Amino acid sequence: MIIKENPDEIISYLEDSSNFRNGKADKVFIPESEEEIVEILNYSSRKRIPVTVSGAGTGTVAGRIPEGGFVISMEKFDKIKAIEPERKKAILQAGVIINRFLSEIEKFNLFYPPFPTERNAFIGGNISTNASGEYSFKFGPTRKYIKKIRMVLTSGKIVEIERGKSFEKDGKIFIDGMEIPLPSYRTPPVKCTAGYYSKEGMDSIDLIIGSEGTLGVITEAEVNLIDALPQRFIIVIFFPDDKKILNLVRMIKKRKDLNVFSLEYFDNNSLEFLKKDFPGIPQNSFALYIEAESGIDKMEEWGKIAEEFGAIDVWVGEDEKNYQRLIDFRHRLPENINSYFKSIKSVKVSVDVAVPEEGFQVLYNFYREIMEKENLHMVLFGHIGENHLHFNMFPEDENERLKAYRIYEECIKKGLSLGGTVSAEHGIGKLKHRWLKMMYGEKGIREMAEIKKIFDPFCIIGLNNIFPKDILFI
Ligand SMILES: Cc1cc2nc3c(=O)[nH]c(=O)nc-3n(C[C@H](O)[C@H](O)[C@H](O)COP(=O)(O)OP(=O)(O)OC[C@H]3O[C@@H](n4cnc5c(N)ncnc54)[C@H](O)[C@@H]3O)c2cc1C
């Protein structure tokens with residue numbers, strides 16, 4: 001096992017993709033076996049030393065950033081232990097990089113449906129944050145595809161949790177002899193990574209998925225695979241305004257025969273961020289980006305749909321070159337936005353709300369009204385197929401920053417009033433405690449803390465993730 005203590009070697013473990021700057025650690029352990037993890041956790045439990053589990057560090061809410069104590073980095077847990085084409089399953093250690101895993105299973109004509117957007121992440125990080133991906137519209141996030149998890153608890157005990165073996169009963173979840181009370185709140189039926197999962201009749205494994213490194217160290221997982229995907233193409237449809245877009249989205253959701261994998265939205269302000277790379281974007285337009293199964297009939301059908309809904313331009317990526325160009329179109333937006341807010345030395349204020357289908361039109365109108373009313377640079381884009389848009393604000397001075405935070409809170413309240421979540425992806429980490437409390441109330445937060453104490457009686461692992469650590473010691 002490698003142990004790093006030198007500040008220069010540790011520094012890269014004190015960051016992730018957030019702007020959180022309070023990271024500090026005494027030691028970073030890089031174990032190569034479960035026995036070594038058990039050893040670290042036994043020692044930390046005895047000495048009450050906080051421990052933070054580190055994946056690839058692509059998280060955006062500071063979950064892997066320690067605020068003292070030890071880091072356990074999973075980078076050496078990088079073995080793909082089995083790919084089983086007949087069972088359509090694979091067994092992989094927690095530190096396997098998603099990109100590598102996808103390339104390996106491609107050789108067997110298999111696909112891992114969560115297809116996370118950031119493919120430098122580790123599978124363990126993806127499980128801990130229930131990561132979503134490029135095809136979440138069709139397949140949903142990571143949760144559904146995790147069949148089995150191996151995890152080391154802070155007591156040093158190794159538990160194995162398999163989907164389909166144990167379910168919530170009489171308000172309790174059962175894992176390896178532990179009786180865990182189901183929280184009184186319920187996770188809303190939307191894309192959601194906000195706190196511990198809670199649903200009547202839930203599978204016990206679902207408590208672990210999305211638990212952001214607060215319950216134990218995930219060492220291994222068995223995942224479900226599917227056959228390689230059919231041929232797909234991308235169509236970007238531009239509109240002169242947004243009047244018909246939501247109707248079109250509703251129509252596409254009903255048309256299962258179109259076999260849509262991605263359904264994304266770009267408002268006029270977000271398209272401005274792409275003009276330097278794609279100068280042909282029509283002036284002051286709105287767009288839908290759709291990836292769907294290809295085929296001559298299907299392409300004709302999309303052409304008719306675009307015309308019927310008043311498109312002013314249509315871009316098609318069918319051959320490899322144009323397909324890649326349009327993939328780039330989608331990925332370029334967050335990159336250009338990130339470099340912009342760095343250039344103006346501002347911190348992006350980013351709303352990550354998702355709501356149930358029936359509330360989405362109201363939420364959409366709410367965002368658009370804010371954009372018209374408030375004098376602040378804002379963009380609206382993202383996963384419209386999942387009722388989840390990224391509403392980003394770029395305050396340039398203190399007054400604007402205060403305004404952005406006021407708007408942020410209004411959006412959160414609106415989303416919650418519509419039965420939604422404060423975090424559709426990325427998780428709560430150390431940055432969104434306040435909003436989670438708004439969602440589940442003080443009681444819900446306390447119930448989560450009680451669950452954590454069952455797994456981690458000395459309260460040493462993943463402190464300040466999901467909820468403030470103080471609540472554990474009351
Ligand atoms: C450009 C970009 C795009 C992104 N797009 C998306 C997106 O579309 N959807 C989405 O959901 N996320 C997205 N993310 C966020 C990020 O990729 C995910 O949260 C990812 O799952 C984090 O994985 P990681 O290995 O980097 O974990 P880390 O950032 O290292 O850790 C994340 C959390 O998981 C815990 N953890 C990690 N490994 C383990 C383990 N083995 N056992 C227990 N706990 C563990 C950590 O303690 C921490 O709390 C994006 C990030 C970037 C930079």
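Using the structure shown, decide if I460 is at pLDDT 95 or above and on the phi > 0 side of the Ramachandran plot.
Details: at pLDDT 95 or above: yes; on the phi > 0 side of the Ramachandran plot: no.
Taking the combined requirement at face value, the residue does not satisfy it.
Criterion first (surrounded by 15 or more Cβ atoms within 10 Å (Cβ to Cβ), closer than 15 Å to R330 by Cβ, in contact with a Lys or Arg (Cβ under 8 Å, 6 or more places away or on another chain) and among the small types (G, A, S)) does A292 satisfy it?
For A292, the condition - surrounded by 15 or more Cβ atoms within 10 Å (Cβ to Cβ), closer than 15 Å to R330 by Cβ, in contact with a Lys or Arg (Cβ under 8 Å, 6 or more places away or on another chain) and among the small types (G, A, S) - is met.
I need every pair where a residue in segment 383-412 that is on the phi > 0 side of the Ramachandran plot has its Cβ under 7 Å from the Cβ of a residue that is among the acidic types (D, E) and part of a helix (DSSP H, G or I), sequence separation at least 6 or different chains.
Within 7 Å, the pairs are N387/E357.
If you check G177, G201, G210, G195, which single one turns out to be out of contact with any helix residue (DSSP H, G or I) (no Cβ under 7 Å at 6 or more places or on another chain), at pLDDT 95 or above and small (G, A, S)? Working first, answer last.
Values: G177 fails: at pLDDT 95 or above; G210 fails: out of contact with any helix residue (DSSP H, G or I) (no Cβ under 7 Å at 6 or more places or on another chain); G195 fails: out of contact with any helix residue (DSSP H, G or I) (no Cβ under 7 Å at 6 or more places or on another chain).
Only one candidate qualifies: G201.
Looking at Y340, Y323, Y408, which is the one that is within 27 Å of the chain's Cα centre (by Cα), outside the structural domain of V61 (by TED's automatic domain parsing) and within 16 Å of the ligand (Cβ to nearest atom)? Break it down stepwise before answering.
Values: Y323 fails: within 16 Å of the ligand (Cβ to nearest atom); Y408 fails: within 16 Å of the ligand (Cβ to nearest atom).
Only one candidate passes the filter, namely Y340.
Of everything in segment 347-368 that's closer than 21 Å to E396 by Cα and in contact with a helix residue (DSSP H, G or I) (Cβ under 6 Å, 6 or more places away or on another chain), which residue is surrounded by the fewest Cβ atoms within 10 Å (Cβ to Cβ)?
Filtering segment 347-368 for residues that are closer than 21 Å to E396 by Cα and in contact with a helix residue (DSSP H, G or I) (Cβ under 6 Å, 6 or more places away or on another chain), the one surrounded by the fewest Cβ atoms within 10 Å (Cβ to Cβ) comes out as K348.
Considering only segment 180-194, state which residues are within 16 Å of the ligand (Cβ to nearest atom) and in contact with a Phe, Trp or Tyr (Cβ under 6 Å, 6 or more places away or on another chain). Don't jump to the end; show me each part of the working.
To start, the set of residues in segment 180-194 that are within 16 Å of the ligand (Cβ to nearest atom) comprises 187, 190-194.
Matches in segment 180-194: T187 only.
Tell me the residue from I105, I127, I97 that is at negative phi, more than 14 Å from the ligand (Cβ to nearest atom), in contact with a strand residue (DSSP E or B) (Cβ under 7 Å, 6 or more places away or on another chain) and of a type in the set (A, V, I, L, M), please.
Numbers: I127 fails: more than 14 Å from the ligand (Cβ to nearest atom); I97 fails: more than 14 Å from the ligand (Cβ to nearest atom).
Exactly one residue qualifies, and that residue is I105.
Of the residues that sit in segment 200-228 and are away from the ligand (no atom under 16 Å from the Cβ) and touching a Lys or Arg at 6+ places or on another chain (Cβ under 6 Å), which one is farthest from M74 (Cα to Cα)?
The extreme case among them is D203.
Looking at segment 421-465 only, could you name the residues that are within 15 Å of the ligand (Cβ to nearest atom), part of a helix (DSSP H, G or I) and over 24 Å from A354 (Cβ atoms)?
K452, F455
If T129 satisfies all but one of (1) buried (at least 20 other Cβ atoms within 10 Å of the Cβ); (2) touching a helix residue (DSSP H, G or I) at 6+ places or on another chain (Cβ under 6 Å); (3) within 30 Å of G420 (Cα to Cα), what's the number of the condition it fails?
Of everything listed in (1) buried (at least 20 other Cβ atoms within 10 Å of the Cβ); (2) touching a helix residue (DSSP H, G or I) at 6+ places or on another chain (Cβ under 6 Å); (3) within 30 Å of G420 (Cα to Cα), T129 misses just condition (2).
If we only count helices (runs of 4 or more DSSP H) wholly inside segment 79-182, which ones have 3 or more residues that are free of Cβ contacts under 8 Å to residues at least 24 places away in the same chain? I'd like the intermediate steps shown before the answer.
On the way: elements: 98-106, 123-129, 136-139.
Answer list for segment 79-182: 98-106.
Would you check if there is a residue in segment 411-420 being in a helix (DSSP H, G or I) and farther than 24 Å from S132 by Cβ?
The initial filter retains those residues of segment 411-420 that are in a helix (DSSP H, G or I), namely 411-417.
Adding the requirement that they be farther than 24 Å from S132 by Cβ leaves none.
Looking for residues that are in a helix (DSSP H, G or I) and farther than 24 Å from S132 by Cβ, one finds none in segment 411-420, hence no.
Within segment 320-331, is even one residue within 22 Å of M371 (Cβ to Cβ), free of Cβ contacts under 8 Å to residues at least 60 places away in the same chain and either assigned to a helix (DSSP H, G or I) or of a type in the set (A, V, I, L, M, F, W, C) (or both)?
No.
Tell me which of these I173 doesn't satisfy, since it passes every other one: (1) within 15 Å of the ligand (Cβ to nearest atom); (2) buried (at least 20 other Cβ atoms within 10 Å of the Cβ).
Only one criterion in (1) within 15 Å of the ligand (Cβ to nearest atom); (2) buried (at least 20 other Cβ atoms within 10 Å of the Cβ) is unmet by I173, namely (1).
Quick check on segment 60-78: of everything there that is crowded, with 23+ Cβ neighbours inside 10 Å and assigned to a loop (DSSP other than H, G, I, E, B), which residue is farthest from the chain's Cα centre (by Cα)?
Ranking the qualifying residues of segment 60-78, first place goes to F77.
Suppose the filter is at pLDDT 95 or above, within 13 Å of the ligand (Cβ to nearest atom) and under 16 Å from I3 (Cα atoms); does V53 pass it? Quick ask: steps written out before the conclusion?
On the way: at pLDDT 95 or above: yes; within 13 Å of the ligand (Cβ to nearest atom): yes; under 16 Å from I3 (Cα atoms): yes.
Criteria met by V53.
The values are calculated or read from the model by the stated rules, or taken from the named source; none is laboratory data. Note that this is a predicted model, so its numbers are computed, not measured. Glycine also receives a Cβ, built like all others from the backbone with ideal geometry; neighbour counts cover every protein chain displayed.
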